[in-house]
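Read through the structure below, which is laid out as structure tokens, and then see the notes.
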Amino acid sequence: MSQRADIKVAKSPWGPDDQLGALNYLTPAKSADVLSRANGARSYDLSIDYFVGMPSFQGAGDPGYQIFMSHTPEGTLVDNMNGVGESVNRHVCYSGDVVFMYTHTGTHIDALNHFGVDGEIYNNYRADEHLGSRGWTKGGAEVIPPIITRGVLLDIAKSKGVECLPDSYAISVEDCQKALGNAGLTLEPGDVAFVRTGRMRYWPEGAKVLGNPPGLSLEAAAWLTSQNIAVIAADQECVEVGPSPYEDNWLPGHCHFLAEAGVPMMELVNLEELSRDSVEEFCLIAAPIRLKGASGAPLRPIAMPLRGR
């Protein structure tokens with residue numbers, strides 16, 4: 001039987017000018033609390049390296065990551081583009097480089113303008129009014145503030161006793177609740193929920209990391225956003241299960257999180273060390289590059305275990 005997601009763009013409860021959505025749940029008091037309880041003796045880098053040939057989403061024609069040297073010490077001797085001459089250029093070794101990539105490559109965050117419905121993004125900003133030739137004027141990566149809050153790991157793979165969830169496994173509400181129960185935790189407003197499928201254990205084997213991802217069902221996504229989380233995160237490429245079971249929407253989870261709930265999405269987050277050490281509650285510090293108008297940006301999340309209150 002065919003199914004429809006029937007997702008609609010939501011109006012922000014924070015007013016007609018709001019571009020933050022669920023990021024409004026981040027408060028100075030919550031940031032101060034988690035910072036005061038962070039165990040700085042151990043930190044976890046939840047990002048992955050960028051390198052030529054790295055797995056990335058190219059199914060819709062987007063480019064893979066590339067890096068090019070624009071200046072080398074020997075080349076500077078030959079070019080003398082700085083005009084200072086051979087002696088100085090032999091003395092001063094100059095290197096420079098250029099990177100080229102899709103903004104949704106590697107560990108990154110999806111901004112609210114990344115997905116919408118019927119020509120609108122979150123808070124009813126319309127493409128015909130707010131999308132220029134070089135990007136959106138609303139809901140872009142540059143409006144995302146530094147994220148300093150409580151992170152909670154929903155280790156679905158460990159909860160189910162497997163190293164990695166099967167391809168296209170749809171994580172249920174019950175799966176999420178069980179993982180939280182195993183950790184003795186509940187979600188609080190302003191948290192970032194991290195969903196572990198186990199896919200990152202295979203990084204960087206592209207055939208095992210990308211494609212037919214296990215991920216959140218639409219029901220589980222809606223349950224998580226009902227907990228007033230600020231951001232959703234996962235260790236695979238799209239947070240949600242794929243392929244979509246809905247005839248009217250090829251990425252319903254994206255449309256729900258971004259357009260319907262106003263919740264930004266972190267993708268390709270490395271959760272393996274947190275899982276190994278059973279760190280389910282932590283202080284999260286993360287901030288994207290402020291790419292104005294962009295639909296996403298690279299991100300380097302850092303986690304530090306939390307002491308009890």
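The values are calculated or read from the model by the stated rules, or taken from the named source; none is laboratory data. Just so you know, these numbers come straight off a predicted model, no measurement behind them. Every residue, glycine among them, receives a Cβ derived from its backbone with ideal geometry; neighbour counts consider all protein chains shown. The accessibility values were calculated without ligands, DNA or RNA, using every heavy atom of the protein model including side chains. Shrake-Rupley method; radii C 1.70, N 1.55, O 1.52, S 1.80 Å.
Details
- Looking only at segment 54-70, residues that are touching a residue at least 40 places away in the same chain (Cβ under 8 Å) and either in contact with a strand residue (DSSP E or B) (Cβ under 7 Å, 6 or more places away or on another chain) or closer than 18 Å to V98 by Cα (or both) come to 4 in all.
- Residue tally, condition part of a strand (DSSP E or B), of a type in the set (S, T, Y) and open to solvent by 40 Å² or more (accessible area, probe 1.4 Å), over segment 116-151: 0
Residue by residue, here is whether (1) without any contact (Cβ under 8 Å) to a residue 60 or more places away in the chain; (2) under 15 Å from the mean Cα position of the chain (by Cα) holds:
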residue: D235; (1), (2): yes, yes
residue: E240; (1), (2): yes, yes
residue: N270; (1), (2): no, yes
residue: V279; (1), (2): no, no
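- When residues of segment 47-68 are limited to those that are at pLDDT 95 or above and of a type in the set (A, V, I, L, M, F, W, C), the one farthest from E272 (Cα to Cα): F68
- Tallying residues that are open to solvent by less than 10 Å² (accessible area, probe 1.4 Å) and basic (K, R) within segment 197-209 yields 1.
- Scanning segment 210-261 for residues that are assigned to a helix (DSSP H, G or I) and either surrounded by fewer than 20 Cβ atoms within 10 Å (Cβ to Cβ) or modelled with pLDDT under 95 (or both) turns up E219, A222, W223, T225.
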